[in-house]
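Presented below is the structure to which this report refers.
The values are calculated or read from the model by the stated rules, or taken from the named source; none is laboratory data. Since this is a predicted model, take the numbers as computed values, not measurements. Cβ placement follows ideal geometry from the backbone for every residue including glycine, while neighbour counts extend to all protein chains displayed. Just the protein is used for accessible areas: all its heavy atoms, side chains included, with ligands, DNA and RNA removed. Shrake-Rupley method; radii C 1.70, N 1.55, O 1.52, S 1.80 Å.
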Amino acid sequence: MTDAAALPDSVTVIRHPLVQHKLTLLRQKSTSTGEFRRLAREISLLMAYELTRDLPLEMTGIETPLEPMQAPILSGKKLCIVSILRAGDGILEGMLDLVPSARVGHIGLYRDPETLVPVEYYLKLPEDVAERLVIVVDPMLATGHSAAAALSRLKQARAEQIRFACLLAAPEGVSVLTQAHPEVPVFTCSIDRELDDHAYIRPGLGDAGDRLYGTK
Ligand code: URA
């Protein structure tokens with residue numbers, strides 16, 4: 001929705017027609033919990049395709065039924081997908097459909113009601129996270145504070161190559177995240193109009209966690 005010309009270079013809006021169509025269905029309030037989960041998974045798989053389009057390849061020798069050949073395979077240590085709990089898990093599943101061998105990390109953050117600072121309550125990362133391309137997933141980039149805190153924590157854990165993926169972003173969240181971590185590529189399917197007074201993205205899709213898990 002926001003003019004792409006105003007976006008930092010590190011931000012990519014995925015405009016593939018299938019992604020945009022599925023996102024429209026996802027947003028609708030009439031979409032059921034089961035359908036929401038299925039659509040989130042499908043969109044995430046398509047996002048993973050975009051996020052990984054520059055992964056390095058190397059040649060390896062294989063044998064087809066007809067003859068030997070040199071063919072490309074992914075080189076080196078591969079991916080780690082880090083889900084920001086709990087709604088990130090709705091994105092994680094679709095990405096794992098495309099890259100089943102990826103390692104998985106989880107980070108849980110809550111906002112201290114007095115200081116409003118994100119506080120970590122859970123962290124589990126693969127031991128070799130520093131050697132992997134880390135894709136951090138959270139469906140909604142709203143204020144950007146949790147995402148920025150999660151990326152800082154991953155850098156503390158020595159992750160070097162990090163990308164961030166969300167379904168929807170608010171302009172405010174994009175600004176906070178890209179100022180805190182200007183070198184981290186950010187992928188989203190839409191930059192919506194604004195954040196409201198309750199930190200919901202408008203027009204948005206509501207509470208992603210509640211819609212994924214039917215908790216409201
Ligand atoms: N988190 C959500 O689930 N929805 C929003 O609109 C903002 C943050």
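Search the stretch 162-182 for residues being closer than 24 Å to Leu125 by Cα and in a helix (DSSP H, G or I), and hand back the single one that is nearest to the ligand (Cβ to nearest atom). First the steps, then the outcome.
Start the filter on the stretch 162-182 by keeping residues that are closer than 24 Å to Leu125 by Cα, which leaves 162-167, 177-178, 180-182.
Pick out the ones that are also in a helix (DSSP H, G or I) and you get 177-178, 180.
Working: Leu177: 13, Thr178: 18, Ala180: 18 Å.
Among those residues, the one meeting the criterion is Leu177.
Pick from the stretch 184-197 the residues that are assigned to a loop (DSSP other than H, G, I, E, B) and within 13 Å of the ligand (Cβ to nearest atom): which of them is least open to solvent (accessible area, probe 1.4 Å)? Spell out the reasoning first.
Start the filter on the stretch 184-197 by keeping residues that are assigned to a loop (DSSP other than H, G, I, E, B), which leaves 184-185, 189, 192-193, 196-197.
Pick out the ones that are also within 13 Å of the ligand (Cβ to nearest atom) and you get 192-193, 196-197.
On the way: Asp192: 0, Arg193: 139, Asp196: 32, Asp197: 155 Å².
The selected residue is Asp192.
When you scan the stretch 152-161, do you find a residue that is touching a Lys or Arg at 6+ places or on another chain (Cβ under 6 Å), in a strand (DSSP E or B) and farther than 22 Å from His198 by Cα, even just one? Break it down stepwise before answering.
Initial filter on the stretch 152-161 (touching a Lys or Arg at 6+ places or on another chain (Cβ under 6 Å)): none.
No, the conditions are met nowhere in the stretch 152-161.
Considering only the stretch 155-183, state which residues are crowded, with 24+ Cβ neighbours inside 10 Å and more than 14 Å from the chain's Cα centre (by Cα).
Of everything in the stretch 155-183, just one residue is crowded, with 24+ Cβ neighbours inside 10 Å and more than 14 Å from the chain's Cα centre (by Cα), namely Ala170.
Please indicate, with yes or no, whether at least one residue in the stretch 75-94 is under 22 Å from Ser190 (Cα atoms), basic (Lys, Arg), part of a helix (DSSP H, G or I) and in contact with a helix residue (DSSP H, G or I) (Cβ under 7 Å, 6 or more places away or on another chain). Steps first, please.
To start, the set of residues in the stretch 75-94 that are under 22 Å from Ser190 (Cα atoms) comprises 81-94.
Of the ones still in play, those that are also basic (Lys, Arg) are 86.
Going one step further and asking which of them are part of a helix (DSSP H, G or I), we end up with none.
Scanning the stretch 75-94 turns up no residue that is under 22 Å from Ser190 (Cα atoms), basic (Lys, Arg), part of a helix (DSSP H, G or I) and in contact with a helix residue (DSSP H, G or I) (Cβ under 7 Å, 6 or more places away or on another chain).
Would you be able to say whether some residue in the stretch 148-155 is in contact with a Ser or Thr (Cβ under 9 Å, 6 or more places away or on another chain) and within 16 Å of the ligand (Cβ to nearest atom)? Outline the logic, then answer.
Here is the first cut: in the stretch 148-155, the residues in contact with a Ser or Thr (Cβ under 9 Å, 6 or more places away or on another chain) are none.
Looking through the stretch 148-155, none of the residues is in contact with a Ser or Thr (Cβ under 9 Å, 6 or more places away or on another chain) and within 16 Å of the ligand (Cβ to nearest atom).
Could you list, in sequence order, the residues of the stretch 198-211 that are modelled with pLDDT of 95 or more and either open to solvent by less than 50 Å² (accessible area, probe 1.4 Å) or more than 8 Å from the ligand (Cβ to nearest atom) (or both)? First the steps, then the outcome.
Step one: filter the stretch 198-211 for residues modelled with pLDDT of 95 or more, giving 200-211.
Ile201, Pro203, Gly204, Leu205, Gly206, Ala208, Gly209, Asp210, Arg211 - these are the residues of the stretch 198-211 that are modelled with pLDDT of 95 or more and either open to solvent by less than 50 Å² (accessible area, probe 1.4 Å) or more than 8 Å from the ligand (Cβ to nearest atom) (or both).
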